[in-house]
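Below is one structure, written out as structure tokens; comments come after it.
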Amino acid sequence: MAEKLRRGVALVIGAFVLYTATAGPFDSLVQRSLMVALVITLGFLSYPLRPPARLRYLAIAVDLVLWTGAMAACFYVTFSANWIMTSLPMAGPLDIALAAVLVVTLLELARRTVGLAFPILVLIGLAYVFLGHLIPGRLGHRGYDLLFVTETLYLSDIGVWGSLTGIASTIIAAFVLFGAMLLRTGGGDTFMDLALLVSGRTVGGAAKMATVASASFGTVNGSAVANVATTGTMTIPLMKRIGYPAPIAAAVEAVASTGGQITPPILGAAAFIMSEMIGLEYLRIALAALIPAILFYSGTFLTIHLIALRQRIGFVPPEEIPSARTALAPLRLIPVVFGLGALIWMLVSGRSVALSAAAGVIAMIVPFAIADLAVRRRPLDTIGKLLAGLVEAGNGIVIIALMLAGAQILVSMINLTGVGVTLSSLTVALGGESPVLVGLIVALACLVLGMGIPTTAAYVLVAAVMAPALIAIGTEPLVAHMFVFYYATISVITPPVCIAVFVAASIAKTDWWPAALNAVRLGAVTYIVPFMFLSYPGMLWSGSGVAIAEAALSGAILVVASSLLLSGTTVRGSRYLAGALYLPAAVLAIVPSEIALIAAFGLTALGIAIGRPFRQVAVVSAS
């Protein structure tokens, strides 16, 4: 019964998203409060309290009380939206109670879905609002009472119902729906088979397949943990079977899946949030992410290739590689092509992002339904598959919407107190006017703040607190936001709290610590590339064609030198000689100078010419 109810609510969410994406959203407070009400309902159904058996009924009672209070809070706003926006009401006892139960419910569901780290951060933000006047010095503020905080959080469109919740309930929800339907109508099998077809016959093909598959999934699914859970169950056992040690197999999957969050078009939902924050078009942000994403996957792919050559790891068994006819089967391929084609065409035509995603969904559904009915002649099965896509979309939206509603609470408190500006000014004072020093401080802060938090929420936090520090020293807003976004993203593979590695290590049945160390090694380029945003604006597709080409060339040299260094290759049998050539080359590639670029190229080329790291060795297919 509970499962049927859960699926029913998920179906309602999917249908709600499809309707509002196609017909247009309701008024802002109505749209946002309805979405929050729906995801809270599904959240309680999907993540109920699980106490000992003797406390089962108490747990049910707690969930019912929280759910009832949250529904009252949401629907009060739904039916009072016009009054709230036109009269700017003052808070009373009822408003305080409704706001309190809504905040408690959101934070409790966040705890159940992603752990304690994120709710604790929000609670610290709320405590700072009420107690900040007791803090001496620049970090203190004048203090705010409960009535004013309630009016800000609950009776306005800058608190819980702010822009992040709005993005979650429209644009991001529409793209989650697009991704779910794409995978349900053949995209999932197509991506996996194409990845095997492209890379399976090369040395160490299983790890390369994991990289290609995760890159493909990343274009429609911006969650590292979801990517690991989806592709890792196939790729990790295959990597182990052809000879990769379990820690390396787990690291490859975690790193490759993390790349999904920096891969256009979705960027872990960050592209839409960034667009809202800095006022740039979505397509501009997706374009800016293109070269760094290519560098990320190139570095991962090359390091994997070199490790496979050095350790003589074989190919994917031929019987496990699909034929081109299977991988490109029209029944699976046509919906993918039509869906992606419609999405891109609508975006390029200047239509809204949500409407473009809805058009892509419809463009997938129609040919899929026609083809499926023509081949199988079972209308109920076809309808069932499409409904399953809506259910999957509803389930996928829950965590993102809950996280963004919680992040909106934190951001509104940061904006209310001005602590973001204060921390930024302190960072600039500590780092001076040096982009490198300020960048190092910001990068470290982003890695720490992002640990244990989903990437989308982590980006929102660091964008509010740390991005202004880079902007204050003259960095372009797009560069600053991409910089902090990258470090918030790779926190999921950075120990000690590396949630993507935890999931991959559990699948690989290995200890997470060696997997985390290997993940840092494989993803090392990603820790460096953001600094190239500061020295080479062309890296984000800004400036002239020459500037873009120079940035891409420097990035390519960095990727090659770093991969050769980190994969353990030698020059004339010496790793020290390899380090003496490749480490300076990697450092020089970051320096914005033509002479440094030429020197980096020369050192890298010399190491390759002498060491011959790409020399093919005798490897055999795994059996």
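The values are calculated or read from the model by the stated rules, or taken from the named source; none is laboratory data. What you see is a predicted model; the values in this text were computed from it and never measured. For neighbour counting, all protein chains shown are included, and Cβ atoms are generated from backbone atoms with ideal geometry for every residue, glycine included.
With respect to Ala504, is the statement that it is surrounded by 21 or more Cβ atoms within 10 Å (Cβ to Cβ) and over 20 Å from Ile236 (Cβ atoms) true?
Values: surrounded by 21 or more Cβ atoms within 10 Å (Cβ to Cβ): yes; over 20 Å from Ile236 (Cβ atoms): no.
Spelling it out, it is not the case that Ala504 is surrounded by 21 or more Cβ atoms within 10 Å (Cβ to Cβ) and over 20 Å from Ile236 (Cβ atoms).
Within the stretch 32-66, how many residues turn out to be within 25 Å of the chain's Cα centre (by Cα) and either among the aliphatic types (A, V, I, L, M) or not in a helix (DSSP H, G or I) (or both)?
We begin by selecting, within the stretch 32-66, every residue within 25 Å of the chain's Cα centre (by Cα); these are 32-47.
Right, trim to either among the aliphatic types (A, V, I, L, M) or not in a helix (DSSP H, G or I) (or both) and you get 34-40, 42, 45, 47.
Looking only at that region, the number is 10.
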### Query
Out of all the residues in the stretch 374-384, is one or more under 21 Å from Arg6 (Cβ atoms) and either in a helix (DSSP H, G or I) or touching a residue at least 24 places away in the same chain (Cβ under 8 Å) (or both)?
yes
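Rundown of residues vs (1) within 15 Å of the chain's Cα centre (by Cα); (2) modelled with pLDDT of 90 or more; (3) under 26 Å from Ala586 (Cβ atoms), yes/no style:
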{"site": "Ala457", "(1), (2), (3)": "yes, no, no"}
{"site": "Val465", "(1), (2), (3)": "no, no, no"}
{"site": "Pro468", "(1), (2), (3)": "no, yes, no"}
{"site": "Pro477", "(1), (2), (3)": "no, yes, no"}
{"site": "Phe483", "(1), (2), (3)": "yes, yes, yes"}
{"site": "Ile493", "(1), (2), (3)": "yes, yes, yes"}
{"site": "Lys509", "(1), (2), (3)": "no, yes, no"}
{"site": "Val529", "(1), (2), (3)": "no, yes, yes"}
### Summary
Considering the stretch 24-59, residues that are without any contact (Cβ under 8 Å) to a residue 40 or more places away in the chain and aromatic (Phe, Trp, Tyr), and then whichever is nearest to Ala73 (Cα to Cα), we arrive at Phe26
### Query
Taking the stretch 127-143, which residues are surrounded by fewer than 17 Cβ atoms within 10 Å (Cβ to Cβ) and outside any loop (DSSP other than H, G, I, E, B)?
Ala127, Phe130, Leu131, His133, Leu134, Gly137, Arg138, Leu139
### Task
From (1) in contact with a strand residue (DSSP E or B) (Cβ under 8 Å, 6 or more places away or on another chain); (2) small (Gly, Ala, Ser); (3) within 30 Å of Arg284 (Cα to Cα), pick out the condition that doesn't hold for Gly538.
(1)
### Task
State all residues of the stretch 487-530 that are in contact (Cβ under 8 Å) with a residue 24 or more places away in the chain, of a type in the set (Gly, Ala, Ser) and part of a helix (DSSP H, G or I); if no residue qualifies, say none.
Ala488, Ser491, Ala500, Ala504, Ala505, Ala508, Ala515, Ala516, Ala519, Ala524
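One line per residue, one yes/no per condition, for (1) modelled with pLDDT under 85; (2) in contact with a helix residue (DSSP H, G or I) (Cβ under 7 Å, 6 or more places away or on another chain); (3) over 30 Å from Phe16 (Cα atoms):
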residue	(1), (2), (3)
Gly166	no, yes, no
Thr185	no, yes, no
Ser199	yes, yes, yes
Val203	yes, yes, yes
Ala206	yes, yes, yes
Thr211	yes, yes, yes
Thr219	yes, no, no
Ser223	yes, yes, no
## Note on the structure
Checked the stretch 110-126 for anything in a helix (DSSP H, G or I) and either free of Cβ contacts under 8 Å to residues at least 24 places away in the same chain or surrounded by fewer than 16 Cβ atoms within 10 Å (Cβ to Cβ) (or both); matches are Arg111, Ile120, Leu123, Ile124
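In the set Pro379, Pro367, which member is buried (at least 17 other Cβ atoms within 10 Å of the Cβ) and over 30 Å from Ile499 (Cβ atoms)? First the steps, then the outcome.
Numbers: Pro379 fails: buried (at least 17 other Cβ atoms within 10 Å of the Cβ).
After ruling out the rest, the residue left standing is Pro367.
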### the stretch 307-320, subset surrounded by fewer than 21 Cβ atoms within 10 Å (Cβ to Cβ) and either among the basic types (Lys, Arg) or within 29 Å of the chain's Cα centre (by Cα) (or both), residue nearest to Val559 (Cα to Cα)
Arg310
### Task
Sort out for me the helices (runs of 4 or more DSSP H) sitting completely within the stretch 221-338 that have 2 or more residues that are polar (S, T, N, Q) and more than 21 Å from Ser542 (Cβ to Cβ).
224-241, 246-258, 290-311
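Please determine, by comparing only the residues of the stretch 153-164 that are surrounded by 22 or more Cβ atoms within 10 Å (Cβ to Cβ) and not in a loop (DSSP other than H, G, I, E, B), which one is modelled with the lowest pLDDT. Explain how you work it out, then say what you get.
Kept after step one, since they are surrounded by 22 or more Cβ atoms within 10 Å (Cβ to Cβ), are these residues of the stretch 153-164: 153-155, 159-162, 164.
Those left that are additionally not in a loop (DSSP other than H, G, I, E, B): 153, 164.
Details: Leu153: 95, Leu164: 89.
So the residue we want is Leu164.
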### Message
Residues to consider are Leu390, Leu437; find the one that is surrounded by fewer than 19 Cβ atoms within 10 Å (Cβ to Cβ), touching a Gly at 6+ places or on another chain (Cβ under 7 Å) and either at pLDDT 90 or above or part of a helix (DSSP H, G or I) (or both).
### Response
Leu437
### Summary
Scanning the stretch 539-553 for residues that are part of a helix (DSSP H, G or I) and either buried (at least 18 other Cβ atoms within 10 Å of the Cβ) or of a type in the set (Gly, Ala, Ser) (or both) gives Met539, Leu540, Gly545, Ala547, Ile548, Ala549, Glu550, Ala551, Ala552
### Query
Just one of the numbered conditions (1) farther than 30 Å from Asp145 by Cα; (2) modelled with pLDDT under 90; (3) assigned to a helix (DSSP H, G or I); (4) more than 21 Å from the chain's Cα centre (by Cα) is not true of Pro367; which one?
(2)
### Query
Do we have any residue at all in the stretch 395-411 that's at pLDDT below 90 and either farther than 30 Å from Phe44 by Cβ or of a type outside the set (A, V, I, L, M, F, W, C) (or both)?
yes
### Query
Which residues, counting only those in the stretch 14-31, are over 19 Å from Met181 (Cα atoms) and assigned to a helix (DSSP H, G or I)?
Ser28, Leu29, Val30, Gln31
